[in-house]
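These notes concern the structure reproduced below.
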Amino acid sequence: MDSSNASLLRKTEEEPNQLQLKLSLPNPLPNQLKLTLPKEIWFNCYPMYLYQGFWCINLEPTIAFQTHFQAQPTDIFITSLRKTGTTWLKALIFSIFDRAIHPLSESPLLSHNPHELVPQLESNVYAKSRCPDLKNDISPRIFGTHLPFLSLPDSIKQSDCKIIYLCRNPLDTFISSWLFYLNYDENKTVKPEMMEGYLEKFIEGKFPSGPFGDHVLGYWSQRMAQPGKVFFVKYEDLKADPKGQFKLLAEFVGRPFSKEEEQLGVVDGIVELCSIQKLKEVEANKSGRVYRQIQNKWFFRRGEVGDWANHLAPAMAQRLEKIIEEKLVGSGLTFKLHNAV
């Protein structure tokens, strides 16, 4: 499939010195740059480089994305840390636009993984080609990225495009990441007793696109400064009121639902279609792969708020919670850690 969702819209199936490495790259070239950057390994499968103040696992594609991507005013960007509900949000946003093209019974989500329909820029589009031709894709283009706000291409920050940022409480984010990466063959030697060591890495910000606090606060501050450009949604709020949050998202991207659509059950139908349980039942999500290393079924686990309590020792949870609270103090940003009783 095409690296962009445009084919479906045609009705076919901190460190200060590092922050100064601005988007004028690729000089120095990525391979040369790697030699100068701090390096860590996330689990046994992802080398990470401390680049522009965050831990980057797709350095060459990221630099290509920063260097070559030209945003259009109608673009939609779904931004997030990994394992925060990105797959679900991609399905919802895709469906907002696709409802004008396909009836729900013919939705591409019934035959494709959401990451195929809304491709990730640095780990998919620019991983396949360092300079892809995206300018002729039918508007609106919908993309995903895990980059921090400060590291987005200037064309995204300066255009009239829309940015939707999804965040999740740090405890569930960590546990979802832990369980996800254990699926990899390279991590068969990772044992449960090693969890605390990986939690320490997470607390230190040494995980893909981390640190956590810097990432969420970067978008949180932009939501405050540019509410018409940046929509900030918490996973916990989306779980508590999927229909209400979905309608707000549709309004934000300029495709609100009419009263007639609501009466006809279009909103309810899309929310149901995009639910984790329904997406799990799609054949493409049971057996396919969008990424070579990752089975699509790994993207769908439980998705419950507070599931961290089934895996994290209380002392470990309290340590992470305390560190994040200290980072967020004064920002006005808080997280719900438990499901409502």
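The values are calculated or read from the model by the stated rules, or taken from the named source; none is laboratory data. As the structure is a computational prediction, the values presented were derived from the model and not from experiment. In this analysis, Cβ positions are derived from the backbone assuming ideal geometry, glycine residues included, and neighbour counts consider all displayed protein chains.
Inside the stretch 300-338, can you point out the residues that are more than 30 Å from R289 (Cα to Cα), in contact with a Ser or Thr (Cβ under 9 Å, 6 or more places away or on another chain) and among the hydrophobic types (A, V, I, L, M, F, W, C)?
Within the stretch 300-338, just L328 meets the criteria.
Could you check R168 against (1) among the basic types (K, R); (2) touching a helix residue (DSSP H, G or I) at 6+ places or on another chain (Cβ under 6 Å); (3) farther than 21 Å from G306 by Cα and say which number it fails?
Here R168 meets the rest and fails (3).
Restricting to the stretch 86-105, and then to whatever is under 24 Å from K234 (Cα atoms) and small (G, A, S), can you tell me which residue is nearest to the chain's Cα centre (by Cα)?
It comes out as A91.
Name the strands (runs of 3 or more DSSP E) wholly within the stretch 1-66 that hold at least 2 residues that are modelled with pLDDT under 50, among the hydroxyl-bearing types (S, T, Y) and under 19 Å from the mean Cα position of the chain (by Cα)?
Result: empty, no element qualifies.
Per-residue answers, yes or no, for (1) closer than 30 Å to A225 by Cβ; (2) basic (K, R):
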{"residue": "I276", "(1), (2)": "no, no"}
{"residue": "R302", "(1), (2)": "no, yes"}
{"residue": "L312", "(1), (2)": "no, no"}
{"residue": "E321", "(1), (2)": "yes, no"}
{"residue": "G332", "(1), (2)": "yes, no"}
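Considering only the stretch 301-311, I want to know if a residue exists there that is in contact with a Gly (Cβ under 9 Å, 6 or more places away or on another chain), part of a helix (DSSP H, G or I) and under 27 Å from L110 (Cβ atoms).
no
Could you run through the stretch 228-280 and say how many residues are more than 27 Å from K83 (Cβ to Cβ), in contact with a strand residue (DSSP E or B) (Cβ under 9 Å, 6 or more places away or on another chain) and basic (K, R)?
So the answer is 0.
Collect the residues in the stretch 254-272 that are surrounded by fewer than 17 Cβ atoms within 10 Å (Cβ to Cβ) and either on the phi > 0 side of the Ramachandran plot or assigned to a helix (DSSP H, G or I) (or both), keeping them in residue-number order.
G254, K259, E260, E261, E262, Q263, G265, D268, E272, listed by residue number.
So which residues in the stretch 171-195 are surrounded by fewer than 20 Cβ atoms within 10 Å (Cβ to Cβ) and farther than 25 Å from R292 by Cβ?
K191, P192, E193, M194, M195
Quick one: A91 ticks every box in (1) within 16 Å of F65 (Cβ to Cβ); (2) small (G, A, S); (3) surrounded by 22 or more Cβ atoms within 10 Å (Cβ to Cβ) except a single one, so which number is it?
(1)
Scan the stretch 103-160 residue by residue and report those that are of a type in the set (V, I, T) and either surrounded by 15 or more Cβ atoms within 10 Å (Cβ to Cβ) or more than 26 Å from E261 (Cβ to Cβ) (or both). Reasoning before the result, please.
First pass over the stretch 103-160, keeping only residues of a type in the set (V, I, T): 118, 125, 138, 142, 145, 156.
Hits for the stretch 103-160 are V118, V125, I142, T145, I156.
Can we say Y198 is hydroxyl-bearing (S, T, Y) and surrounded by 20 or more Cβ atoms within 10 Å (Cβ to Cβ)?
no
Out of the residues in the stretch 161-170 that are over 13 Å from the mean Cα position of the chain (by Cα) and part of a loop (DSSP other than H, G, I, E, B), state the one that is surrounded by the most Cβ atoms within 10 Å (Cβ to Cβ).
Result: N169.
Give the stretch 94-138 a look and list any residue that's assigned to a helix (DSSP H, G or I) and either among the small types (G, A, S) or on the phi > 0 side of the Ramachandran plot (or both), or say none.
S95, S105, S123, A127
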